[in-house]
C-alpha cells in the first residue's frame, strides 16, 4: 500500500498546469521503484524517503526539478545529472514529460538510491565537505524577488547559508498572512543589504 502524504496532493494541485503531470508521474515512479517509499514535505517541497532521504521534487515558474540526495555516490550511467558540483543529482530543466528519461531508466536510478540507504552507505566527511548544496527556492519567493531587482541582486550575491536562512524563514511560516508579512520584511532587509540574521553578526 502506498504511503502517501495529502500535503503532496495539495502541492501538486497548486502547481502550474504544465507541472502537474510531471510531478504526478515522478511521484508514481517513486512508488513503482520502491513499495515502501514514504512521502513527506521538507522545506515546503515534496520529498521521498526510505531509511533516509531518496529524492526531492519541486515545481517552479517554467520548469520542474528532481534532486537525488546521494547523487555523488551514484553511478549515473545515463548521464542524467547536470553537474554534481552544483547540485545533488539535479536533473536538467524538466518542462514536459518528454524531458524525462525513459521510465525504466529513472526507476533504476531511484532503486540505486534506495539501495544506498538500505546498505547504510553514507557520505564520507570529505564528501560532505564537497557535496553540492541544493537550495530549492519556492516559486512565490522568486516572483517576489523579481519585483525588486536590487533585492534580488543582493539575495543572489549572498552565500548559501544566508540564502538558506531567508528561504527557511519564509517557508516555515504557519499561515498565509505570516508568509506574506515575512516576504515584505525580507525585501526590506535585502534592500538594506542585510542578511536575515544581521542582528547576530559582529
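The values are calculated or read from the model by the stated rules, or taken from the named source; none is laboratory data. Predicted model, so just to flag it, every value in this text is computed and none were measured. Cβ coordinates were reconstructed from backbone atoms using ideal geometry, including for glycine residues, and neighbour counts include every protein chain displayed.
Can you give me the number of residues within the range 156-171 that are under 18 Å from the mean Cα position of the chain (by Cα) and without any contact (Cβ under 8 Å) to a residue 40 or more places away in the chain? Give the derivation first.
The initial filter retains those residues of the range 156-171 that are under 18 Å from the mean Cα position of the chain (by Cα), namely 156, 159-171.
Subsequent filtering for residues that are without any contact (Cβ under 8 Å) to a residue 40 or more places away in the chain retains 156, 159-166, 169-170.
Here the count works out to 11.
In the range 34-74, which residues are under 15 Å from residue 138 (Cα atoms) and assigned to a loop (DSSP other than H, G, I, E, B)?
First, pick out the residues of the range 34-74 that are under 15 Å from residue 138 (Cα atoms): 41-47, 56-67.
Answer for the range 34-74, where residues must be under 15 Å from residue 138 (Cα atoms) and assigned to a loop (DSSP other than H, G, I, E, B): 43, 44, 60, 61, 62, 63.
Could you tell me whether any residue of the range 151-164 is closer than 21 Å to residue 15 by Cβ, surrounded by 14 or more Cβ atoms within 10 Å (Cβ to Cβ), at pLDDT 85 or above and not assigned by TED's automatic domain parsing to the domain that holds residue 67?
Restricting attention to the range 151-164, the residues satisfying the condition of being closer than 21 Å to residue 15 by Cβ are none.
No, that holds for no residue.
Looking at (1) closer than 18 Å to residue 110 by Cβ; (2) surrounded by 15 or more Cβ atoms within 10 Å (Cβ to Cβ), find the lone condition where residue 42 falls short.
(2)
Is at least one residue of the range 175-196 in a loop (DSSP other than H, G, I, E, B), more than 23 Å from the chain's Cα centre (by Cα) and surrounded by 12 or more Cβ atoms within 10 Å (Cβ to Cβ)?
From the range 175-196, those in a loop (DSSP other than H, G, I, E, B) are 175, 192-196; that's our starting set.
Of the ones still in play, those that are also more than 23 Å from the chain's Cα centre (by Cα) are 192-194.
Adding the requirement that they be surrounded by 12 or more Cβ atoms within 10 Å (Cβ to Cβ) leaves 193-194.
Scanning the range 175-196 turns up at least one residue that is in a loop (DSSP other than H, G, I, E, B), more than 23 Å from the chain's Cα centre (by Cα) and surrounded by 12 or more Cβ atoms within 10 Å (Cβ to Cβ).
If residue 48 satisfies every condition in (1) over 12 Å from the mean Cα position of the chain (by Cα); (2) modelled with pLDDT of 90 or more but one, which is the exception?
Only one criterion is unmet by residue 48, namely (1).
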